[in-house]
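Input: a single structure, listed below in structure tokens.
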Amino acid sequence: MIINSITQAIQQALGELNLQPSALKLEHPADDQFGDWSSNVALQYIKQTDKFSSPKELAAALVEKLQVILTKETDIQEMSVAGPGFINFTLSSQYWLRQLNEINQVSSIQTIIPPAGQGKRVIVEYSSPNIAKPFTVGHLRSTIIGDALANLYEVLGWEVLRDNHLGDWGTQFGKLIYAIKTWGDREAISKSSRPIKELVELYVKFHQRAEEDSTLNDYGRAWFKKLEEGDDDARSIWQWCVDLSWQEFDKIYTKLKITFTENNGRGYGESFFERRMEQVLEILREKLPQDESEKNGGHYGEGEDGAKLVFFEDKALPSLMILKKDGTTLYSTRDLATDYFRLKEFKPDLVINEVGAEQSLYFKQLYKIEQMLGWYKPKQRVHVKHGLYRFKTRKMSTRKGDVIWLQDVIDEAEQRAASLSSDNQASVEQIAIGALKWNDLKSEAARDISFDWDEILSMKGNSGPYVQYAAVRAQSVLNKREHQQLSIPANYDFDQTELALIKYLNRLAEVVTKAAEEFTPHHLASFLFELAQRFNTFYNQNPILTARTQDQQQVRLSLTQATRLVLSEGLALLGIQTPEEM
């Protein structure tokens, strides 16, 4: 690769100037007119030498060396010094013609992305809704961000296990069981068009009544204890809630084109680990010190009220409860059982939890315990944080019934998308879901989002439909070429818009790698939006099918074909389909 040749040459040039080279990183100049790659190496190393009075002078000396070292590197058209001492590299037209030809020789972008993860396995945990609660717009974030990350790691060659850690266990089910038995009508709920909303209303009613009578919380805890102990009545109601919930979950996942690989496509919910928790408790007792006198040392012991907790060394983190005083389990118990199962069953190189940012402390505690037990090393466990969907003046709350249901958002998106498509219902759905996903994925995941109907469903400007339309426009041009075989000329003088397009297309692999390594799908979204803009500029300024010369037509058709491939498959990595027409 040309970037490797340039990097090695810079290191050699530094050595010839008696400077000790370390890791170097090339970047793209902000403006294409300054070249294709840039290095600030002179600014980095000026303090290590007294032979040069300024970074600019050092940069000039390095360029002089590089011109000799890279004499045989014909792909470099020009090297120059800019600003306070940046070294810029401009690549030749022949180089860009070869890159264009390479993209057009493949049927999938996976062929042009280095398989950096080959031989490695990653578990991506995402979505993870709670049983007996419909999807709110808040569930959208983990679902689509996690899916995008799984897609990115897959295209980089990793073996990806997609897990949906369903919230199907815990004290909330004791509360719901009490509410169903006290106020519910199971037959009427089963016949309802939206049965899960009926269950949520019962859950909300429980919390409203509990504010007036706190003893209801004791009844809720007692029913969960019965559930954990295997009480037939409790288990029957719980299973009924699970079955009703999956009827609705399957509809949402089908609409969003979300799939999971684990446990027959449903993922390993918390209840799967019900009988595996005792093993983890035994490991905690065996592996961690039990001496409560060592208050500053990490140990597993009893709290003041009889609950079981893990205490961290030097109190670096607050203690984490593992068992309640009545012996019932918590998220932490089940998550430890989950991660031990993953370790023994799959031996992953990396486990990603895509969960809300409000859980940051909890995951620090959980990961630290797993390091204390020797299960995972640092950086093998990653919490990818997303912010909350909020109303402008308050948080959303399922417990209070103060939320926006995701199904309502999808329905509204489809109504708005109908104006951008023909009567093709498949295209309408693809545009609607594309708009919904894009307007989340285009920004950093960690930021909170103030819910606004027009913003979340935007179909103009920096939007999913804008990028989809660029891909559809490219395909419509290709459909008119009468299946002629493309032949890229050996020599060609690109015009400005053509060159801008091929240069940007060539960044795909580095963008995908960065988005995966930094767990930031928004980098790919930004790349695709910029690519769509560059293609639209190219399309509007350059005749393609009616180009003046055969070479010009072939290059422009090749650029159009490469753009269509990168846009449509790049969108697919974000979980967005490209419609046939718009």
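The values are calculated or read from the model by the stated rules, or taken from the named source; none is laboratory data. Being a predicted model, the structure only gives us computed values, none of them experimental. Virtual Cβ from ideal backbone geometry, glycine too; neighbours counted across all protein chains shown.
Annotations
- Residue 63 vs. criteria part of a helix (DSSP H, G or I), loosely packed, with under 15 Cβ neighbours inside 10 Å and either hydrophobic (A, V, I, L, M, F, W, C) or without any contact (Cβ under 8 Å) to a residue 24 or more places away in the chain (or both): no
- Cβ pairs under 9 Å, 6+ apart, first in region 463-490 and within 15 Å of residue 432 (Cα to Cα), second surrounded by 15 or more Cβ atoms within 10 Å (Cβ to Cβ) and among the hydroxyl-bearing types (Ser, Thr, Tyr): 464/458; 465/458; 467/578; 468/568; 468/578
- In region 118-137, the residues that are buried (at least 21 other Cβ atoms within 10 Å of the Cβ) and at pLDDT 95 or above: 122, 123, 124, 125, 126, 127
- Counted residues, region 336-360 - those being in contact (Cβ under 8 Å) with a residue 60 or more places away in the chain and of a type outside the set (Phe, Trp, Tyr): 14
- Boolean, residue 380 is more than 23 Å from the chain's Cα centre (by Cα) and either over 18 Å from residue 136 (Cβ atoms) or touching a residue at least 60 places away in the same chain (Cβ under 8 Å) (or both): no
- Any hit, region 69-89, residues being assigned to a helix (DSSP H, G or I), of a type in the set (Gly, Ala, Ser) and surrounded by 15 or more Cβ atoms within 10 Å (Cβ to Cβ): no
- Number of positions in region 182-232 that are under 22 Å from residue 247 (Cβ atoms), of a type outside the set (Gly, Ala, Ser), assigned to a helix (DSSP H, G or I) and touching a residue at least 24 places away in the same chain (Cβ under 8 Å): 12
- Selection count, region 296-311, where residues are touching a Leu at 6+ places or on another chain (Cβ under 8 Å) and over 19 Å from residue 337 (Cα atoms): 3
- Of the strands (runs of 3 or more DSSP E) contained entirely in region 301-378, those carrying at least 1 residues that are over 26 Å from residue 517 (Cβ atoms) fall at 308-311, 320-323.
- Answer from 103, 144, 123 - the residue that is farther than 23 Å from residue 386 by Cβ and either of a type in the set (Val, Ile, Thr) or not in a loop (DSSP other than H, G, I, E, B) (or both): 103
- For region 28-53, the set of residues classified as outside any loop (DSSP other than H, G, I, E, B), out of contact with any helix residue (DSSP H, G or I) (no Cβ under 7 Å at 6 or more places or on another chain), within 17 Å of residue 507 (Cα to Cα) and at pLDDT below 95 consists of 33, 34, listed by residue number.
- Taken together, the residues in region 535-552 that are β-branched (Val, Ile, Thr), more than 10 Å from residue 498 (Cα to Cα) and either touching a Leu at 6+ places or on another chain (Cβ under 9 Å) or not assigned by TED's automatic domain parsing to the domain that holds residue 475 (or both) amount to 1.
- Qualifying residue in region 422-431 (condition: in a helix (DSSP H, G or I), buried (at least 19 other Cβ atoms within 10 Å of the Cβ), in contact with a Leu (Cβ under 7 Å, 6 or more places away or on another chain) and touching a residue at least 24 places away in the same chain (Cβ under 8 Å)): yes
- Search result, residues across region 537-582 that are buried (at least 16 other Cβ atoms within 10 Å of the Cβ) and among the β-branched types (Val, Ile, Thr): 544, 555, 560, 563, 566, 576, 578
- If you go through region 539-571 and pick out every residue that is over 12 Å from residue 467 (Cα atoms) and in a helix (DSSP H, G or I), you end up with 17.
- When 524, 486, 501, 505 are screened for being surrounded by 15 or more Cβ atoms within 10 Å (Cβ to Cβ), over 15 Å from residue 101 (Cβ atoms) and of a type in the set (A, V, I, L, M), only 524 passes.
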